[in-house]
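Remarks on the structure that follows.
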Amino acid sequence: MEQHFIDAVASSGHTYAHHEAALRVGGSSAVDVLNRHLHDADPIARLLARVLLEQPRVPAYQSAVAHLEKLPIALARTPAGGPRPSMVQDFLNQDYGADLVEFVGLRLAKEKSAQGWRVLGFILYLGDHRVVSTSEALIRFATETTDESWRGFAVDAVRGFDDPDLATKLDAEEARARVAGHEMPPLVRTLRR
């Protein structure tokens, strides 16, 4: 289970989903691994551990994901032509309130191939709730995305948080990016002001 956790933290997309699924069904050995990582140095590792330990919320997670996956199909033949980010934001707020903020933050940081409407809807939802434990996911997303517009929305959302640990989170993300051979984008560095 430990290797599944390490691989989940290091991966994204389908590879991440595979390791997350293994941890979800891993029973007591997975719970032990997740508990050990609740105070990890990597904020995304901590977020992953918290979200996966919240097993009672799994049906809500699955229901929200299923609904979001059906949206493009349901709207394809309408004048809208497809989902708008505000539809995702409104759906999550109306149906779940703040219950899914950490789950959505983790999804934002880990799903690299999500459609724009979903990405922006997630960012807007996180910005609505301003839960400081999700600022790290927004920072990671803003650091890794290649889409400048998405990066701007994520940075704006973080600016709306009153996160007393923002500088520490930015330091950790900058160090992680450097180790990975990347630089923190200038727009993300503006959060230090």
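The values are calculated or read from the model by the stated rules, or taken from the named source; none is laboratory data. What you are looking at is a predicted structure, and each value in this text was computed from that prediction instead of being measured. Virtual Cβ from ideal backbone geometry, glycine too; neighbours counted across all protein chains shown. Ligands, DNA and RNA are stripped out before the accessible areas are found, and what is left, the full protein with its side chains, is counted by its heavy atoms. Shrake-Rupley method; radii C 1.70, N 1.55, O 1.52, S 1.80 Å.
Given +1 at the Cβ of Lys and Arg, -1 at the Cβ of Asp and Glu and no other charges, the dipole of the chain around its Cα centre is 360 debye to the nearest 20. Computed extension length for residue 53-residue 70: 3.4 nm, one decimal, from 0.36 nm per residue of separation with the Cα-Cα distance subtracted. Rounded to two decimals, the Cα radius of gyration of the stretch 81-193 over 2.2 N^0.38 Å is 1.02. Ligands, DNA and RNA left out, the accessible area of the chain computed with a 1.4 Å probe is 54% carbon and sulfur. In terms of its Cα atoms, the chain spans 47, 44, 28 Å along the principal axes, sorted from long to short.
A probe of 1.4 angstrom, applied to the heavy atoms of all protein chains, finds residue 141 with accessible area near 10 square angstrom. For the chain, the solvent-accessible area works out to 49 Å² per residue, with a probe of 1.4 Å and every protein chain left in place.
Span-like helix check, the chain: qualifying full DSSP H segments, with Cα axial length of 18 Å or more and mean Kyte-Doolittle of 0.5 or more, are 58-75, 116-129.
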